[in-house]
Amino acid sequence: MHPQKNNSYQFVIVGQGLAGSVLALSLIQAGCSVMVIDNPKLSQCSRVAGGAWNPIVFKRLTKSWLADELLPELNLFYTYWEKQFQTSFVYQRSIIKSFTEEQEERLWLKKAIEGNQYLDNTIYRQYPLNHLYTVASYSKVLQAGNINIPLFLDLTKHYLIQSNAYMQHTLNYHHLKIHESEITYESLNASQIIFCDGHLINQQPYFNFIPMKPVKGETLTIYCEGINLENDILSTGFFMLPLGHHLYKIGATYDWENLNDIPSEEGKQFLIDKFEEIIKLPYQIIEHQAGVRPSVVDRRPVIGRHPNYKNLLVFNGFGTKAVMLAPYFAKQFTQHLSQNQNLHPEVDVKRFYDRIQS
Ligand SMILES: Cc1cc2nc3c(=O)[nH]c(=O)nc-3n(C[C@H](O)[C@H](O)[C@H](O)COP(=O)(O)OP(=O)(O)OC[C@H]3O[C@@H](n4cnc5c(N)ncnc54)[C@H](O)[C@@H]3O)c2cc1C
């Protein structure tokens, strides 16, 4: 990173959730000077997430959007930063997908044989999940996995602090002074400011024209001995992800009404009911969390420049799939900002320009 004179940066990034973290590291890797402003208390979304990536849409057994392009970037990005931070936080796993009907098995095999490389072309029998419950029929999604998001965020924050690139602070949008070629905020000075403020983008004055459809989600962290799920993620109407030491994250719920980070009794009961359907062992709830996913109505990220203020930018809208989408689009956005490379038209914020009165 370039040394800073007079608190002057190429980019100020607002938000150090998964989006802001991945983008900040990508810009720093490209040699840009960055300052990240974050108040981690304002949105819990990234810390609540299971952190899984899944290249398959289960409903239709098709590849998820751009999966073939996203996976190589995901692997390159996270493993590069694992090496830099000298800590492991990426776990390559299969997703065990259970079947209840023969029809589902037949469709799975058809799609696997037709050439979807993420679908294992074998139907397996009798996965002994614990001594009281066996998954009768299942197959595996290949090249899936998860990252430990809280650890990745902590490592990134530590790295940013050491690089003098982090400020814990709530940005007051009304105190931004926007000039033709620069932005000032208190003692900071930046050429451009990039908003990675998650679902709170709805409440800010500049990018609130983006049609968001945020969705609250809840997860439980459970301690349970005797579950046979060390390396895989289980998907059987809900997900169960091994964290090690008999801990499992289970989730998730979807609630479009109560958009807050407060864990609810309904959410907890829903997850307990799902869990107890298949795990008949004693267990303890260690943590119950809630967050709001920053989803856009057309279910695509939203990236690019404000139509009226060229030095205000957005990198947001990663919905339910930030782990997989963020590295690819952070690289593309970095190249857009440094080399003027085009953004993918489906993510470009330009698609919503007609919603703003100029
Ligand atoms: C229950 C649940 C399960 C999920 N599971 C998965 C999964 O398995 N895989 C996956 O890929 N995705 C998953 N997601 C989605 C994923 O978590 C989100 O897409 C992602 O975390 C969004 O990251 P973000 O950085 O855009 O937003 P956030 O995580 O909300 O980060 C925004 C940051 O900006 C800060 N901020 C906002 N405004 C200001 C301000 N004015 N000043 C300073 N700081 C500010 C916030 O405090 C926060 O730190 C899940 C989400 C939920 C809720």
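The values are calculated or read from the model by the stated rules, or taken from the named source; none is laboratory data. It should be emphasised that the depicted structure is a prediction, and the values quoted were computed from it without experimental measurement. Here the Cβ positions follow ideal geometry from the backbone for every residue, glycine too, while neighbour counts run over all protein chains shown.
So which residues in segment 153-166 are buried (at least 18 other Cβ atoms within 10 Å of the Cβ) and aliphatic (A, V, I, L, M)?
Of everything in segment 153-166, those that are buried (at least 18 other Cβ atoms within 10 Å of the Cβ) and aliphatic (A, V, I, L, M) turn out to be Leu153, Leu155, Leu160, Ala165.
Can you say whether Gln84 is assigned to a loop (DSSP other than H, G, I, E, B) and either modelled with pLDDT of 95 or more or touching a strand residue (DSSP E or B) at 6+ places or on another chain (Cβ under 6 Å) (or both), as far as the supplied structure shows?
So Gln84 fails the test.
Within the set of pairs 6+ apart or on separate chains, which have a first residue in segment 167-180 that is touching a residue at least 60 places away in the same chain (Cβ under 8 Å), a second that is outside any helix (DSSP H, G or I) and more than 8 Å from the ligand (Cβ to nearest atom), and C-beta atoms under 6 Å apart?
Note: pairs meeting the criteria are Ile178/Tyr309.
Being in a helix (DSSP H, G or I), touching a Lys or Arg at 6+ places or on another chain (Cβ under 6 Å) and surrounded by fewer than 18 Cβ atoms within 10 Å (Cβ to Cβ), is that true of even one residue in segment 136-152?
Yes; the residues of segment 136-152 include at least one that is in a helix (DSSP H, G or I), touching a Lys or Arg at 6+ places or on another chain (Cβ under 6 Å) and surrounded by fewer than 18 Cβ atoms within 10 Å (Cβ to Cβ).
Does Asp154 satisfy the criteria of being away from the ligand (no atom under 11 Å from the Cβ), free of Cβ contacts under 8 Å to residues at least 60 places away in the same chain, closer than 30 Å to Tyr80 by Cβ and in contact with a helix residue (DSSP H, G or I) (Cβ under 7 Å, 6 or more places away or on another chain)?
no
Any idea which of Asn258, Asn202 is of a type in the set (S, T, N, Q) and under 20 Å from the mean Cα position of the chain (by Cα)?
Matching residue, one of Asn258, Asn202: Asn202.
So Phe77 clears everything in (1) outside any helix (DSSP H, G or I); (2) surrounded by 19 or more Cβ atoms within 10 Å (Cβ to Cβ) except one condition, right? Which one?
So Phe77 meets the others, but not (1).
Sort out which residues of segment 168-198 are part of a strand (DSSP E or B), surrounded by 18 or more Cβ atoms within 10 Å (Cβ to Cβ) and under 22 Å from the mean Cα position of the chain (by Cα), and write them in order of number.
Across segment 168-198, the qualifying residues are Ile193, Ile194, Phe195.
Test Glu225 against the criterion of being away from the ligand (no atom under 11 Å from the Cβ) and either within 18 Å of the chain's Cα centre (by Cα) or not small (Gly, Ala, Ser) (or both), and give yes or no.
yes
Okay, residues lined up against (1) under 17 Å from Ala165 (Cβ atoms); (2) assigned to a strand (DSSP E or B); (3) near the ligand (Cβ under 7 Å from one of its atoms); (4) of a type outside the set (Lys, Arg):
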| site | (1), (2), (3), (4) |
| --- | --- |
| Val12 | yes, yes, no, yes |
| Gln16 | yes, no, yes, yes |
| Ala19 | yes, no, yes, yes |
| Val22 | yes, no, no, yes |
| Ser26 | yes, no, no, yes |
| Cys32 | yes, no, no, yes |
| Val36 | yes, yes, no, yes |
| Lys41 | no, no, yes, no |
| Gly50 | no, no, yes, yes |
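Just to be sure I understand, how many residues within segment 241-265 are more than 14 Å from the ligand (Cβ to nearest atom), surrounded by fewer than 12 Cβ atoms within 10 Å (Cβ to Cβ) and outside any strand (DSSP E or B)?
The total comes to 3.
Do you know which residues across segment 319-337 are touching a strand residue (DSSP E or B) at 6+ places or on another chain (Cβ under 8 Å) and near the ligand (Cβ under 9 Å from one of its atoms)?
Those that are touching a strand residue (DSSP E or B) at 6+ places or on another chain (Cβ under 8 Å) and near the ligand (Cβ under 9 Å from one of its atoms): Gly319, Thr320, Lys321, Val323, Met324.
What number of residues in segment 58-90 are of a type in the set (Asp, Glu) and in contact (Cβ under 8 Å) with a residue 24 or more places away in the chain?
Total meeting the criteria: 2.
So which residues in segment 121-135 are outside any strand (DSSP E or B) and not aliphatic (A, V, I, L, M)?
Residues satisfying the conditions are Asn121, Thr122, His131.
Quick one: Pro327 ticks every box in (1) in contact with a helix residue (DSSP H, G or I) (Cβ under 6 Å, 6 or more places away or on another chain); (2) assigned to a loop (DSSP other than H, G, I, E, B) except a single one, so which number is it?
The single condition Pro327 does not satisfy is (2).
If you check Met1 against the conditions, is it away from the ligand (no atom under 11 Å from the Cβ), of a type outside the set (S, T, N, Q) and modelled with pLDDT of 95 or more?
When the stated conditions are applied, Met1 does not pass them.
Any idea which residue in segment 49-66 is nearest to Ser98 (Cα to Cα), counting only those that are within 15 Å of the chain's Cα centre (by Cα) and among the aliphatic types (A, V, I, L, M)?
Ala52
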